[in-house]
Amino acid sequence: MNHVATPLVVSVFVDRPILAVIYLITIAVSLWLFRDALRRGKSVIVAAGWALGGIVLPAIVHFAYLYLRLKTEGSMTEPPLDDSD
């Protein structure tokens, strides 16, 4: 058997490319979550926390963010309300 020494992460992605696709989707959703939190007036620290949490525990954090967003905003499609009026 001829084994080439490759880093573990590269080896996993080469052997199972679906994992790379899932990871890229997770990163894309976390990036959207970061941008959406900023757009809705959250601080950079809070938005980064949501995004980092979305990378570490995506199934929990992504749905928690969407649930809390729906609960506080009332709509998933409308832009955030501007309180300056």
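Some values worked out for this structure:
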| read-out | value |
| --- | --- |
| Under 10 Å, Cβ to Cβ, from Ala47 - net charge with Lys/Arg +1 and Asp/Glu -1 | +3 |
| Percentage relative contact order, the range 8-73, counting C-alpha pairs under 8 Å, at least six apart | 26 |
| Residue-count net charge about Arg35 - beta-carbon cut-off 15 Å; Lys, Arg +1, Asp, Glu -1 | +3 |
| Label-point gap, in nm, between Val9 and Thr72 - each point 7 angstrom along Cα→Cβ | 3.1 |
| Interatomic Cα distance distribution for the range 8-73, bins of 10 angstrom, percent | 22, 45, 22, 10, 1 |
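The numbers here are math on the coordinates, done by the rules we state, and not lab data. This is a predicted model, so every value here is computed, not measured. Using ideal geometry, Cβ is built from the backbone for each residue, glycine included, and neighbour counts are taken over all protein chains shown.
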